[in-house]
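Contents: one structure, followed by commentary.
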Amino acid sequence: MSPSNTLTSARYVSTRGADAEAPKRFCEILLEGLATDGGLYVPQSYPTLSPEDLERMRGMNYRDLAFTIMSLYIDDISSEDLRQIIDRTYTTQAFGSDDITPLVQLEPGLHLLKCSNGPTLAFKDVAMQFLGHLFEFVLAREGRELNILGATSGDTGSAAEYAMKSKQGIRVFMLSPYGKMSKFQAAQMYSLQDANIHNFAVEGVFDDCQDMVKAISNDLGFKSMYRIGAVNSINWGRILAQVVYYFKGYFAATQSNDEKVSFAVPSGNFGNVLAGHVARMMGLPIKQLIVATNENDVLDEFFKTGRYRPRQSAETRQTSSPSMDISKASNFERFLFDLAWRDPAVVRELMQKVDHEGGFDLSTCDQLWGRVPKFGFASGRSTHAARLEGIKAVASRYGIEIDPHTADGYNVGLTLREPSNQLILLETALPAKFADTIQEALGKQPSRPAALAGIEALPQRVAVIPASIERLKEAISRACAPLDRND
């Protein structure tokens, strides 16, 4: 398929202006993480799909859909190789169904997109399994190695480690907040004994972990010496892989491309809903992107008031939807870039205010704040009591168990949906990962795959460290010798 208005070339620039004169290709940014100026890589422009393009895509299976979309953003991997990477990734064996992300109708006009059937029972697998195969291919082609540094609030870590643990030329260093994930989430990561997997439990919250990753990514000398890359949603490859299931969900829920749908997306770091934003910018008929937060409501505050104020670590609350216990939404900068007419100077100014003043308020800038509604975002906040009620309601009405994050999406989505549009709830994870909350809501333990029975009792391999950049650098240095820059 050749969409009617595609990228002239798949090139990437930083949200803060780096590489504007010499845009980079996909495989260059794939292995870099943050740009040299601290910004995030974005495509120079989005490909625009015509109604005819969408009609041709409607009947495609998941692999064909992924190939069609990803080909628009990747021009430095041959079509044959990209096809093979996608075919190895999206299999029935890995995801339990050839549908990969099946759509379940709860009632007319209300659907659940099942995104959590991968190896670690979370939506992160959809992108991370792809990145695992993609990284291995690119590194082998270039004769290189990569040390992946990431931070997780619960699910990214296990998804990344399961995707990378068998891959050649890759080491993983994953930071997680000490004592702030569910027991199941921690066991999924810490029970891995593979030599190339290194887990660090940081004495702090997720935002401390994320700040440490960014600090090392901005230390260009250390980053180069140790070939540091990223798998967090700051990696554009993650976002690109997630764009696919928005198209999949839309086509499964509708009969015609004249219909519009809304998506309710549990959100902490803004990566999942950003993928929906990209799909909408490409021409997918999305009416609303409903951002559902928990008690850590930085994003809800912005979309309601125009004020973006990341919280300090001490202000970040520990909740029963822990993967969203995030107060600094990294991917929000990519949306700001589009909001600000893709002007890196505006983004730099806004992010400097975050760094030096603790945030910014767009409600005082009519030009910017007035543009927000055109992007289709709505937002709401869910609490512990509300998510328990959401879990109960879905189980009672539809006979389906959902996890607490998906319950946040359900609560906020039902509150904000426009009655004339179909609503698709994005599933975050399977309830097995959050047994204590499911027990509290339903009075019983959630079912779990037999292969994961008793995982909490397995020996765990993890180092507890303070929120110290130097301590992290020392740990990375001890784990691997500096890689030859000319290898």
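Values quoted throughout were computed directly from the atomic coordinates according to the rules given, and no laboratory measurement underlies them. All values reported here derive from a predicted model rather than from experimental measurement. Every residue, glycine among them, receives a Cβ derived from its backbone with ideal geometry; neighbour counts consider all protein chains shown.
Above 20 Å lies some portion of the pair distances; for region 296-437, what is it as a whole percent of all C-alpha pairs?
Numbers: 5383 of 10011 pairs.
Percent of Cα pairs beyond 20 Å in region 296-437: 54.
Please rank Ser79, Ser71, fewest neighbouring Cβ atoms within 10 Å first, as an exposure proxy. If you can, show how the numbers build up before the last one.
On the way: Ser79 11, Ser71 20.
The fewest-first ordering by Cβ neighbours comes to Ser79, Ser71.
Along the charge dipole of the chain, which of Leu458, Ser50, Val372 sits closest to the positive end, that is, farthest toward it, with unit charges on the beta carbon of Lys, Arg, Asp and Glu (+1, +1, -1, -1)?
Comparing the listed Cα positions along the dipole, Leu458 ranks first.
For each of Leu103, Leu139, Leu299, Leu426, count neighbouring Cβ atoms within 10 Å of the residue's Cβ, then give the residues from fewest to most.
Leu103, Leu139, Leu299, Leu426
Could you give the length gained on full extension between Ser50 and Cys365, defined as 0.36 nm per residue of separation minus the Cα-Cα distance, in nm? Could you put the intermediate results ahead of the total?
Numbers: separation 315, 0.36 × 315 = 113.40 nm, distance 3.35 nm.
Difference between extended and current length: 110.1 nm.
Treating each Cα of region 208-295 as an identical point scatterer and ignoring solvent, apply the Debye formula and state log10 I(q)/I(0) at q = 0.15 Å⁻¹.
Computed log10 I(q)/I(0) values: -0.66.
Starting from the Kirkwood Rh over alpha-carbon pairs, what translational D in µm² s⁻¹ does region 136-209 have by Stokes-Einstein at 10 °C and 1.306 mPa s?
Calculated translational D: 126 µm²/s.
Mind giving me the nanometre distance, one decimal, between the label points for Asp343 and Leu106, set 7 Å out from Cα along Cα→Cβ?
Computed distance between label sites Asp343 and Leu106 equals 4.1 nm.
Where the Cα atoms of region 251-319 are projected onto their three principal axes, how long is each span, largest first, in whole Å?
Taking the Cα atoms of region 251-319, the three principal extents are 48, 24, 17 Å.
List the longest stretch of the chain that has no exposed loop site; here a site is one of the trypsin sites (Lys or Arg not before Pro) assigned by DSSP to anything other than H, G, I, E or B, with at most 11 other Cβ within 10 Å. Show your work: numbers first, answer last.
Details: sites that count: Lys444, Arg485.
Result, exposed sites excluded: 1-443.
Relative to the present Cα-Cα distance, how much length would full extension add between Asn218 and Ala140 at 0.36 nm per residue of separation?
On the way: separation 78, 0.36 × 78 = 28.08 nm, distance 2.57 nm.
Between Asn218 and Ala140, full extension yields an extra 25.5 nm.
Mind jotting down the distance between the C-alpha centroids of region 335-350 and region 454-473, whole Å?
37
Taking 1 over the mean of 1/r across every pair of different Cα atoms in region 363-431, what Kirkwood radius in Å do you get? Present the calculation step by step, with values, prior to reporting the outcome.
Numbers: mean 1/r = 0.0734 Å⁻¹.
Radius from the Kirkwood sum: 13.6 Å.
What is the spin-label model distance, in nm, from Thr415 to Ala20 if the labels are put 7 Å beyond Cα along the C-beta direction?
4.0
In straight Cα distance, which lysines are under 26 Å from Lys260, not counting same-chain residues fewer than 8 positions off?
The qualifying lysines are Lys114, Lys124, Lys248, Lys287, Lys304, Lys374.
Which log10 I(q)/I(0) values does the chain give at q = 0.10 Å⁻¹ under the Debye formula, counting every alpha carbon as one identical point scatterer?
So the normalised log intensities work out to -0.70.
Evaluate the distance, in nm, between pseudo-label points positioned 7 Å from the Cα of Asp87 and of Arg471 along their respective Cα→Cβ axes.
Output for this residue pair reads 4.8 nm.
Per 5 Å bin from zero, what fraction in whole % of the C-alpha pairs of region 1-134 is there, up to the bin with the longest pair?
Pairs per bin, as whole percents: 2, 9, 15, 17, 18, 18, 12, 6, 2, 0, 0.
Report Rg/Rh for region 367-486, rounded to two decimals, where Rg is the Cα radius of gyration and Rh the Kirkwood radius.
Working: Rg = 21.5 Å, Rh = 18.6 Å.
The Rg/Rh ratio comes out at 1.16.
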